[in-house]
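Scroll down for the structure; my scribbles are underneath it.
Nothing in this text is a laboratory measurement; each read-out follows from the coordinates by a stated rule. What you see is a predicted model, and the numbers here were worked out from it, not measured in a lab. FYI the Cβ positions are ideal-geometry reconstructions off the backbone, even for glycines, and counts take in every protein chain you see.
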């Protein structure tokens with residue numbers, strides 16, 4: 001009987017010690033290291049303007065719809081760009097509902113950007129990402145939106161094009177992913193341009 005109580009006591013002490021180390025000390029150490037070494041990333045890569053107002057995260061898409069802004073990828077996350085409800089539509093390539101939605105998105109994209117019926121539309125302009133929160137669009141998608149944005153802001157197309165080109169992010173390590181444009185960063189830069197004119 002003594003041996004059983006001894007083993008129970010040893011198991012209980014080991015469980016408590018592991019709970020303190022793994023459930024308390026280790027997370028605190030990792031949290032501390034992240035706050036010191038990767039402070040911005042550990043706190044969500046938030047973008048705060050000069051007035052201390054949080055404008056968003058460079059990691060999450062936002063629903064810009066005004067003509068003066070570059071528009072992001074469509075979102076299927078909740079009612080759109082809802083980080084608490086991230087996810088895609090889960091419709092397959094043979095889905096009639098998906099093909100109808102894409103056809104309508106293509107029509108709307110062409111209309112909004114003054115494109116002809118025969119102009120190709122980038123896939124990322126009419127399909128949501130897997131999370132529905134992708135903050136990036138392709139450089140081609142951004143390029144097709146330049147005339148609309150320039151007109152709406154009363155800026156020259158060349159000026160808006162140069163600004164958009166500054167926000168093209170290269171593939172990571174030169175080979176992972178595709179070139180992309182962060183829509184939030186670009187739109188914030190456009191707002192800053194408006195404030196300096």
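Structure values in brief
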{"read-out": "Degrees separating the helix 96-113 axis from the principal Cα axis of the chain, which is the longest one", "value": "50 degrees"}
{"read-out": "Structure-based [θ]222 nm, the chain - -39500 (n - 2.57) summed over DSSP H runs of at least 4, per residue, nearest 500", "value": "-15000 deg cm²/dmol"}
{"read-out": "Largest-first principal axis extents of the Cα set of region 121-188 (Å)", "value": "35, 25, 22"}
{"read-out": "0 to 90° range, to nearest 10: angle between helix 2-20 axis and the chain longest Cα axis", "value": "30 degrees"}
{"read-out": "Sequence of 133, 188, 28 once ranked by neighbouring C-beta atoms within 10 Å, starting from the fewest", "value": "28, 188, 133"}
{"read-out": "Length-normalised contact order for the chain - Cα pairs under 8 Å, 6+ apart - percent", "value": "19 percent"}
{"read-out": "For peptides 3-10, 106-113, sequence by mean Cβ density within 10 Å, most packed first", "value": "106-113, 3-10"}
{"read-out": "Kirkwood hydrodynamic radius over Cα pairs of the chain, then Stokes diffusion coefficient at 37 °C and 0.692 mPa s, in µm²/s", "value": "163 µm²/s"}
{"read-out": "Prolate/oblate/rounded call for region 1-82, Cα gyration tensor, a/c under 1.5 rounded", "value": "prolate"}
{"read-out": "Ranked by how many other beta carbons lie within 10 Å on average, peptides 48-54, 63-69 from highest", "value": "63-69, 48-54"}
{"read-out": "Helix 183-196 axis, angle to the chain major axis (alpha carbon atoms, nearest 10°)", "value": "60 degrees"}
